[in-house]
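K.L.:
Shown below is the structure under consideration.
The values are calculated or read from the model by the stated rules, or taken from the named source; none is laboratory data. Quick caveat: nothing in here was measured; it's all calculated off a predicted structure. Cβ placement follows ideal geometry from the backbone for every residue including glycine, while neighbour counts extend to all protein chains displayed.
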Amino acid sequence: MHCIVLWTQANLLTSNSLFDLTGKTAVITGGNGGIGLGCARGLAKSGANIAIWARDNDKNAAATKELQALGVSACSYLVDVTSRQDIENAIAATVSDFGGVDILIANAGLNIRMRPEEYSEEIVDQIIDVNLKAVFTCSQLLYPELKKRGGGKIILIGSLTSVQGFGVAPIYSATKGAVVQLGKSLAAAWGADNIQVNTILPGWITTEMTSVTRAIPGLPEHILSRTPAGRWGSPGDFEGIANFFASTASDFVTGTSIQIDGGFTSTLALFDLPKD
């Protein structure tokens with residue numbers, strides 16, 4: 001475990017700001033890189049303490065050091081999110097270190113690309129366990145802690161495949177579609193406890209997970225041609241939306257999802273109108 005807890009920290013935003021997270025603690029699964037670390041940076045810049053739950057000790061250490069440099073308390077814990085015991089242990093350790101948990105970002109995910117006929121039962125189970133079952137288990141086991149704190153925020157991470165089919169990643173697509181429905185259902189179940197649940201749907205982002213796609217000749221350029229923003233996304237593009245969903249600014253927003261994809265899913269294709 002990598003941990004520095006700073007019980008006195010400078011306010012990064014004014015105390016009456018809708019987006020101020022000073023004094024809040026966020027658990028981020030898979031928060032040691034990519035989109036998870038992007039979300040962590042956004043919350044840390046708004047004053048939140050960060051607890052990273054992830055499996056790579058070296059990446060955990062590097063991410064924790066970076067977040068601590070932003071002036072907030074940050075700890076990391078070795079957690080396999082498919083292990084209920086690991087999650088229970090991590091909750092106990094996080095609550096002990098920080099005094100409670102206010103925010104969950106269920107970011108950890110797995111994609112193994114192959115055609116539908118090629119999947120083994122073992123691979124199917126593995127993807128479902130990480131992308132869906134673990135998201136539910138983390139939410140379920142943290143629910144009593146959020147309720148005890150008088151409410152909280154749960155942020156799930158879907159995908160553009162939550163709304164679009166992907167022929168070489170059908171199980172990943174199925175789980176990410178299910179995450180959206182899980183978010184709606186948890187929002188309905190826990191709204192009376194002042195717990196808001198929302199889902200972020202990333203598009204094509206420059207992360208380790210998309211490195212295979214970015215190496216296929218011609219495919220990155222094709223994706224750019226379909227993206228109105230004219231670029232791939234980066235983990236930094238998630239700082240703002242994570243802060244919004246984690247803050248009081250979104251207290252009346254629950255059971256919804258938002259696409260962070262540069263407009264990719266908004267259009268079938270881009271084309272120029274004929275010139276006069």
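K.L.:
Exactly one condition in (1) under 27 Å from residue 223 (Cβ atoms); (2) at pLDDT 95 or above is false for residue 139; which is it?
P.N.:
(1)
K.L.:
I would also like to ask the following. Checking residue 19 against (1) within 14 Å of residue 239 (Cα to Cα); (2) touching a residue at least 40 places away in the same chain (Cβ under 8 Å); (3) in contact with a strand residue (DSSP E or B) (Cβ under 8 Å, 6 or more places away or on another chain): exactly one of these is not met. Which one?
P.N.:
(3)
K.L.:
Only one of these is closer than 30 Å to residue 95 by Cβ and either without any contact (Cβ under 8 Å) to a residue 12 or more places away in the chain or over 17 Å from the mean Cα position of the chain (by Cα) (or both): 194, 131. Name it.
P.N.:
194
K.L.:
I'd like the full set of residues that are among the hydrophobic types (A, V, I, L, M, F, W, C), over 15 Å from the mean Cα position of the chain (by Cα), surrounded by fewer than 21 Cβ atoms within 10 Å (Cβ to Cβ) and part of a loop (DSSP other than H, G, I, E, B), limited to the stretch 87-125.
P.N.:
Across the stretch 87-125, the qualifying residues are 112, 114.
K.L.:
Here's something else I'd like to know. Condition (residue is of a type in the set (D, E, K, R), without any contact (Cβ under 8 Å) to a residue 60 or more places away in the chain and at negative phi) applied to the stretch 255-262: is it met by at least one residue?
P.N.:
Keep residues of the stretch 255-262 that are of a type in the set (D, E, K, R), which gives 261.
Next cut, without any contact (Cβ under 8 Å) to a residue 60 or more places away in the chain only: none.
Taking every residue of the stretch 255-262 in turn, none turns out to be of a type in the set (D, E, K, R), without any contact (Cβ under 8 Å) to a residue 60 or more places away in the chain and at negative phi.
K.L.:
Can you pull out every residue in the stretch 17-48 that is under 20 Å from residue 260 (Cβ atoms) and either among the basic types (Lys, Arg) or out of contact with any helix residue (DSSP H, G or I) (no Cβ under 9 Å at 6 or more places or on another chain) (or both)?
P.N.:
The answer is 41, 45.
K.L.:
Separate question: Here is a check on your reading of the model: is residue 206 under 26 Å from residue 79 (Cβ atoms), without any contact (Cβ under 8 Å) to a residue 40 or more places away in the chain and touching a helix residue (DSSP H, G or I) at 6+ places or on another chain (Cβ under 9 Å)? Steps first, answer last, please.
P.N.:
Working: under 26 Å from residue 79 (Cβ atoms): yes; without any contact (Cβ under 8 Å) to a residue 40 or more places away in the chain: yes; touching a helix residue (DSSP H, G or I) at 6+ places or on another chain (Cβ under 9 Å): yes.
So residue 206 passes the test.
K.L.:
Can you tell me which of 58, 97, 125 is of a type in the set (D, E, K, R) and touching a residue at least 24 places away in the same chain (Cβ under 8 Å)?
P.N.:
Values: 58 fails: touching a residue at least 24 places away in the same chain (Cβ under 8 Å); 125 fails: touching a residue at least 24 places away in the same chain (Cβ under 8 Å).
Just one listed residue meets the conditions, 97.
K.L.:
I need the full set of residues from the stretch 149-176 which are closer than 22 Å to residue 240 by Cα and crowded, with 22+ Cβ neighbours inside 10 Å, in order please.
P.N.:
Within the stretch 149-176, 152, 153, 154, 155, 156, 157, 158, 159, 162, 176 meet the criteria.
K.L.:
Which of (1) over 15 Å from the mean Cα position of the chain (by Cα); (2) assigned to a helix (DSSP H, G or I) is the odd one out, the single condition residue 72 does not satisfy?
P.N.:
With respect to (1) over 15 Å from the mean Cα position of the chain (by Cα); (2) assigned to a helix (DSSP H, G or I), residue 72 is out only on (2).
K.L.:
Additional query: Can you find a residue in the stretch 173-189 that is touching a Lys or Arg at 6+ places or on another chain (Cβ under 8 Å) and either among the aromatic types (Phe, Trp, Tyr) or in contact (Cβ under 8 Å) with a residue 60 or more places away in the chain (or both)?
P.N.:
no
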